[in-house]
């Protein structure tokens, strides 16, 4: 397809003056995922792995018409190990009136070229965490899905966003009985206390390294927004409410997660006890809705049994360099 504006397109690294124009363009291109300047600043510019030279702005006559961010882990997040072969395309968009003119292809190629030159062997879209705006390409965006396939990306897993209405919600009887049984075995679920810090971080380091920093961020905000399952001096699971890691400083009302159970204790009812104990507390505070932006795999059936409803579906992709 011919590109009427190809000779006029200027591709440049993100600069300080691009902040507000790119956020405005984002909101015009991705209205279902509108973002504020403050959240973009926290989510992207304050990410320890952000590089302005891998965030490309496409402009025509000085006006931004497209954006892409390529990301690689030059700085480990918490104790999450760095994979030098892995890269990401975390977000990209083109102004509606400039689509189907090759601008998106130019942007993606620039992002992929950056990753390849820096040693990456593959690039995912998305899957980058914990600093993410959405887990993948919206399934409803058939144009974007087709574009990814045309660029040589192959589909990986599907992820979903879900929510749960809390009005009138009651803890199921089997969960109440499991809580009583676990208590008899010395396993208790309660709000986090400072004495739980080291065993919680130990559990996260061993089994949930990706979420360790997110847990710390939540604790720094509010102890009451964390619940833990404890036996003796060991933390066996955690659930966090309104985590601030990827949201505005004031939080995101009703956001749930991260949520984790020791691998050896999954499928034994502890997760449900932890989940509903937290829900009982937030309902008592006046919460009316619970939501989260990313679920998939085994945990999807757990949330469905709890009554959570799927609100968005996303497709993740991977590109392999040759």
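When you check residue 259 against the structure, is it at pLDDT 90 or above and under 27 Å from residue 43 (Cα atoms), yes or no? Criteria met by residue 259. Take the residues in region 60-99 that are at pLDDT 85 or above, more than 17 Å from residue 110 (Cβ to Cβ) and within 22 Å of the chain's Cα centre (by Cα); name whichever of them is surrounded by the fewest Cβ atoms within 10 Å (Cβ to Cβ). Per the stated criteria, the residue is 85.
Evaluation of residue 51 against the conditions (1) more than 30 Å from residue 310 (Cα to Cα); (2) under 17 Å from the mean Cα position of the chain (by Cα) shows that the sole unmet condition is (2).
The residues on offer are 157, 123, 133, and the sole one that is modelled with pLDDT under 95 and closer than 17 Å to residue 91 by Cβ is 133. Residues of region 215-229 that are within 19 Å of residue 46 (Cβ to Cβ) and in contact with a helix residue (DSSP H, G or I) (Cβ under 9 Å, 6 or more places away or on another chain): 215, 216, 218, 219. Scanning region 1-32 for residues that are assigned to a loop (DSSP other than H, G, I, E, B), at pLDDT 90 or above and either outside the structural domain of residue 94 (by TED's automatic domain parsing) or surrounded by 15 or more Cβ atoms within 10 Å (Cβ to Cβ) (or both) yields 14, 30.
For the list (1) part of a helix (DSSP H, G or I); (2) touching a strand residue (DSSP E or B) at 6+ places or on another chain (Cβ under 8 Å); (3) more than 15 Å from residue 170 (Cα to Cα), I need the number of the one condition that residue 294 fails. All conditions pass for residue 294, except number (1). Scanning for something in contact with a helix residue (DSSP H, G or I) (Cβ under 8 Å, 6 or more places away or on another chain) and in the same structural domain as residue 99 (by TED's automatic domain parsing), does region 191-199 turn up at least one residue? No, that holds for no residue. Tallying residues that are assigned to a helix (DSSP H, G or I), touching a helix residue (DSSP H, G or I) at 6+ places or on another chain (Cβ under 7 Å) and farther than 20 Å from residue 126 by Cβ within region 35-76 yields 1. Does residue 251 satisfy the criteria of being modelled with pLDDT under 90, over 22 Å from residue 191 (Cβ atoms) and not assigned by TED's automatic domain parsing to the domain that holds residue 125? No, not satisfied. Those helices (runs of 4 or more DSSP H) of region 83-198 in which 3 or more residues are over 27 Å from residue 53 (Cα atoms) and without any contact (Cβ under 8 Å) to a residue 40 or more places away in the chain occupy 173-184. Out of all the residues in region 210-218, is one or more at pLDDT below 85 and closer than 18 Å to residue 189 by Cβ? Yes, that holds for at least one residue. Of the residues examined, residue 320 is one that is under 26 Å from residue 127 (Cα atoms), more than 22 Å from the chain's Cα centre (by Cα), at pLDDT 95 or above and loosely packed, with under 14 Cβ neighbours inside 10 Å.
The values are calculated or read from the model by the stated rules, or taken from the named source; none is laboratory data. A quick note: this is a predicted structure, and the numbers were derived from the prediction, not measured. Cβ: placed from backbone, ideal geometry, glycine included. Neighbour counts: every protein chain shown.
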